[in-house]
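For reference, the structure discussed in these notes is given below.
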Amino acid sequence: MTDKRTPDTVTIAPRDIRFDVESARKGHWLGGDPVGTAVFNAMSLTFPDGERLFIDAVKNYRGQLSGKLLDDVRGFIAQEAIHSREHHTLNQLIDRSKYPVAEIEAEIQERIAFSRSRGPMRMLIATIALEHFTAMMAEMHALHQNVFEEVEPDIERMWRWHAMEETEHKAVAYDVFMEVTKHWSPLQRYLRRTLSMAIITYFFTRNITRYAARLLEADGYAPEAALKAVKDFVWKKPGIFSRGWKTYLAWYRPGFHPWDQDTRELVAGWKAEFDAAPAAA
C-alpha cells in the first residue's frame with residue numbers, strides 16, 4: 001500500500017505577519033479571565049523553544065528528502081520560526097515582576113534540552129505527536145471561536161493565524177517520519193508513534209496545567225484552588241484539551257494520516273484573510 005501524504009494541493013507558505021499584542025501588557029487579556037489567560041500564557045511560553053525543537057527535528061532529515069516534501073519542510077520551518085518570534089513577543093509582555101515567567105521558561109528549556117539529548121529520531125517522533133496535539137487544538141479553535149470573543153483584535157488574530165497554520169502544516173513532520181522510516185515495518189512505526197503519543201500527552205497536559213496554576217497563584221489563588229480552576233478550564237469548560245477527543249484518538253488508528261480528516265474548508269476563510277495580510281504589508 002502506498003503511504004499517504006499531504007495532498008498535492010496543500011502548499012505550506014510562510015506568512016510573515018507581525019501582530020501588535022501590546023494590549024496583553026494589561027494583564028488578563030482573555031476577556032478579563034485570569035484562568036483562561038494563565039492557560040494560554042502557559043502554552044505560549046512553551047512555543048518559542050518548542051517550535052525551535054520542531055524545526056531542528058525536521059532539519060535533521062532534510063538530506064533524505066526531495067520534491068514536494070522538501071518544499072513542505074522549508075515552508076514548515078519558516079512558519080514555525082515566525083510562530084516562535086510572535087509568541088516570544090507576547091511572552092515578553094507578561095509581567096515578570098508579578099508572575100514566575102523566568103522560572104517556567106527555565107523548566108521548559110530544561111525539558112527541551114532533555115528531548116534534544118534523546119537523538120534525532122526521538123526528537124522527530126516527539127514532534128509528530130505534539131504537532132497532532134496542536135493541530136487538534138487548532139481545529140477546536142476554529143469550531144469554538146467563542147473562547148476568544150472578548151479578546152483584543154490583534155491578540156485574537158495572532159492566535160487564529162497560528163491555529164490556521166497549524167492545521168495547514170499538520171502533517172509535514174509526520175510525512176518526514178513516514179519517509180525516513182520507510183524501511184521500518186508497519187508494526188514498528190505504529191508502536192513507536194502510539195507509545196510516544198501516550199507519554200507526550202501525559203507530560204504535555206500535566207506541564208501546561210502546572211505552569212498555568214503557578215501563573216494563577218501569582219493572581220492570588222491558593223495552590224489547590226489554582227490547580228482546580230485550571231483543570232476545570234482545560235478538561236471541562238471550555239475543555240480545550242478534551243473537546244477534540246475524536247481527532248486526538250484518530251492517532252491510534254492503524255494506517256492513520258493527519259489528512260484523513262481534511263480541515264481545509266474549516267479554515268478557508270482564515271487562510272484567505274492571512275494570505276492577503278503579508279501582501280498588504
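Taken over the range 190-233, residues that are in contact with a Phe, Trp or Tyr (Cβ under 8 Å, 6 or more places away or on another chain) and free of Cβ contacts under 8 Å to residues at least 40 places away in the same chain amount to 1.
GLU86 passes every criterion in (1) closer than 25 Å to THR201 by Cβ; (2) crowded, with 20+ Cβ neighbours inside 10 Å apart from (1). The residue list ARG206, ARG193, ARG210, ARG214 contains one member that is touching a Pro at 6+ places or on another chain (Cβ under 8 Å) and at pLDDT 95 or above, which is ARG214. Against the list (1) among the polar types (S, T, N, Q); (2) closer than 20 Å to THR6 by Cβ; (3) more than 17 Å from the chain's Cα centre (by Cα), the condition THR167 fails is (3).
Considering each residue of the range 192-232, count those that are more than 17 Å from ASN41 (Cα to Cα), aliphatic (A, V, I, L, M) and over 23 Å from the mean Cα position of the chain (by Cα), and give that number. Of the residues in that region, 2 qualify.
Of GLN109, GLN145, GLN92, all but one fail to be closer than 23 Å to LEU215 by Cβ and within 18 Å of the chain's Cα centre (by Cα); the exception is GLN109. The listed residues are TRP235, TRP251, and the only one of them that is within 30 Å of LEU191 (Cβ to Cβ) and in contact with a Pro (Cβ under 9 Å, 6 or more places away or on another chain) turns out to be TRP251.
Pairs are defined by a Cβ separation below 7 Å, a sequence spacing of at least 6 or placement on different chains, a first member in the range 17-29 that is under 9 Å from LEU93 (Cα atoms), and a second member that is polar (S, T, N, Q) and in a helix (DSSP H, G or I); the pairs so defined are VAL21/THR89. Does THR37 satisfy the criteria of being out of contact with any helix residue (DSSP H, G or I) (no Cβ under 6 Å at 6 or more places or on another chain), β-branched (Val, Ile, Thr) and under 25 Å from PHE203 (Cα atoms)? So THR37 fits the description; yes.
All but one of (1) crowded, with 22+ Cβ neighbours inside 10 Å; (2) among the acidic types (Asp, Glu); (3) modelled with pLDDT under 95 hold for GLU150; which doesn't? The single condition GLU150 does not satisfy is (1).
Is at least one residue of the range 110-128 among the hydrophobic types (A, V, I, L, M, F, W, C), in a helix (DSSP H, G or I) and within 24 Å of LEU30 (Cβ to Cβ)? Within the range 110-128, none of the residues are among the hydrophobic types (A, V, I, L, M, F, W, C), in a helix (DSSP H, G or I) and within 24 Å of LEU30 (Cβ to Cβ).
Checked against (1) crowded, with 16+ Cβ neighbours inside 10 Å; (2) within 30 Å of ARG74 (Cα to Cα); (3) within 22 Å of the chain's Cα centre (by Cα), VAL39 passes all but condition (2). If you go through the range 150-159 and pick out every residue that is over 12 Å from the mean Cα position of the chain (by Cα) and outside any loop (DSSP other than H, G, I, E, B), you end up with 6.
The values are calculated or read from the model by the stated rules, or taken from the named source; none is laboratory data. Keep in mind the model is a prediction, meaning the values are calculated, not measured. Because the Cβ atoms are built from the backbone with ideal geometry, glycine has one as well, and the counts that use them run over all protein chains shown.
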